[in-house]
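To start, the structure under review is shown below, and the notes come after it.
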Amino acid sequence: MARFKFLIAFLALLVCGGGVAGAYFYWKKFAQPEIVVNRHISGKGGNTLERPDLGKRHFDAAISLLKDGELVSARDRLVYLMRYFPESATCDEARRIVGEVNMDLLLSKIPTPGKAEHRVRRGEALVTIANRNETSIDYIMRANGKTSEFIFPDEPLTVYPLHFRIEISLGKGTITVFDGEALFKEYPLLDRNLPADIKAPAATTVSERVAWHGDQPVNFTHPAYMSCAKWIRTGKIGLFIRQNDSGADGGGGRPYGVMVANADLEELFTILRVGSKVELVK
């Protein structure tokens with residue numbers, strides 16, 4: 001009798017062991033989460049496992065949304081990626097795309113928070129409309145597809161209050177535009193030439209925005225205004241934001257400032273106003 005009980009117990013143990021082994025095999029083969037890892041050879045010939053890029057699926061989902069024309073949803077997915085998966089290899093590209101989408105949304109007719117329609121009243125000019133709506137003449141012209149200063153009574157104009165601030169990072173070589181605390185867009189610095197007495201960190205504001213036609217400053221009423229060379233002066237002497245091909249200064253030397261691509265300067269000129277905050281950081 002005792003031998004029979006022992007045999008039953010042994011068989012039960014075998015069945016349980018087989019069940020556990022079968023369950024483990026099934027989990028490894030079918031139920032284990034699909035995590036793709038890459039192997040690389042270490043200096044001593046051993047194999048090590050790299051961490052999976054958990055942010056890539058959010059990036060891929062955002063790209064799919066972009067293809068479907070869902071700009072806001074795509075941008076928000078990329079912002080989520082950058083916030084919670086900053087180690088992802090897709091973060092730099094996500095940052096670039098967020099900036100492009102933000103600028104497209106800002107300059108388009110797509111409704112976004114803060115964007116409004118201003119109906120032109122008799123006697124109004126672009127200057128007064130821009131001041132009343134805390135925006136810039138350049139924004140009104142670009143957002144409404146205008147190439148001249150002429151406006152007409154009852155004409156609808158898209159306006160947006162421009163409360164952006166910028167951070168010029170000498171270490172990263174970037175100009176980053178923020179809308180409050182949120183990233184709006186980032187631009188690479190192509191060159192810089194700052195006076196020796198300008199040290200980071202430093203805080204200032206935009207003090208002047210100047211357009212040049214030839215060697216003469218012009219305003220938005222000039223026929224060639226939209227294609228003029230431009231630069232932005234700050235309250236720190238020598239801290240300008242210039243186009244990369246802005247050339248020599250009046251004395252024949254290299255001009256002071258930080259230099260960006262021409263197209264980037266056009267965008268900065270559009271969204272920055274006199275009084276916009278500027279921070280120079282290391």
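The values are calculated or read from the model by the stated rules, or taken from the named source; none is laboratory data. Keep in mind the model is a prediction, meaning the values are calculated, not measured. Backbone-built Cβ (ideal geometry, glycine too); neighbour counts: all protein chains shown.
Hey, among Ile168, Ile140, Ile175, which residue is in contact with a His (Cβ under 9 Å, 6 or more places away or on another chain) and among the hydrophobic types (A, V, I, L, M, F, W, C)?
Answer to the check: Ile140.
Is region 217-228 home to any residue that is buried (at least 19 other Cβ atoms within 10 Å of the Cβ) and closer than 30 Å to Leu78 by Cβ?
No, region 217-228 has no match at all.
For Lys146, state whether it is assigned to a loop (DSSP other than H, G, I, E, B), closer than 22 Å to Pro223 by Cβ, modelled with pLDDT under 95 and more than 17 Å from the chain's Cα centre (by Cα).
yes
What do you reckon, is Asp154 part of a loop (DSSP other than H, G, I, E, B), free of Cβ contacts under 8 Å to residues at least 40 places away in the same chain and either buried (at least 16 other Cβ atoms within 10 Å of the Cβ) or not assigned by TED's automatic domain parsing to the domain that holds Val274 (or both)?
Yes.
For the structure I just gave you, tell me whether Thr135 is out of contact with any Ser or Thr (no Cβ under 9 Å at 6 or more places or on another chain), outside the structural domain of Lys199 (by TED's automatic domain parsing), buried (at least 17 other Cβ atoms within 10 Å of the Cβ) and not hydrophobic (A, V, I, L, M, F, W, C).
When the stated conditions are applied, Thr135 passes them.
For the subset of region 66-107 comprising residues that are surrounded by 18 or more Cβ atoms within 10 Å (Cβ to Cβ) and in contact with a Lys or Arg (Cβ under 7 Å, 6 or more places away or on another chain), which member is farthest from Ile175 (Cα to Cα)?
Among residues in region 66-107 that are surrounded by 18 or more Cβ atoms within 10 Å (Cβ to Cβ) and in contact with a Lys or Arg (Cβ under 7 Å, 6 or more places away or on another chain), the one farthest from Ile175 (Cα to Cα) is Ser88.
For Leu183, work out the one condition from (1) in contact with a strand residue (DSSP E or B) (Cβ under 6 Å, 6 or more places away or on another chain); (2) within 17 Å of Val278 (Cβ to Cβ); (3) assigned to a strand (DSSP E or B) it doesn't fulfil.
(1)
Can you list the strands (runs of 3 or more DSSP E) found entirely within region 189-260 that contain at least 3 residues being outside the structural domain of Asp138 (by TED's automatic domain parsing), in contact with a Ser or Thr (Cβ under 7 Å, 6 or more places away or on another chain) and modelled with pLDDT of 90 or more?
Output list reads 202-213, 229-234.
Tally time: how many residues in region 180-211 are without any contact (Cβ under 8 Å) to a residue 24 or more places away in the chain and closer than 16 Å to Gly99 by Cα?
Count: 2.
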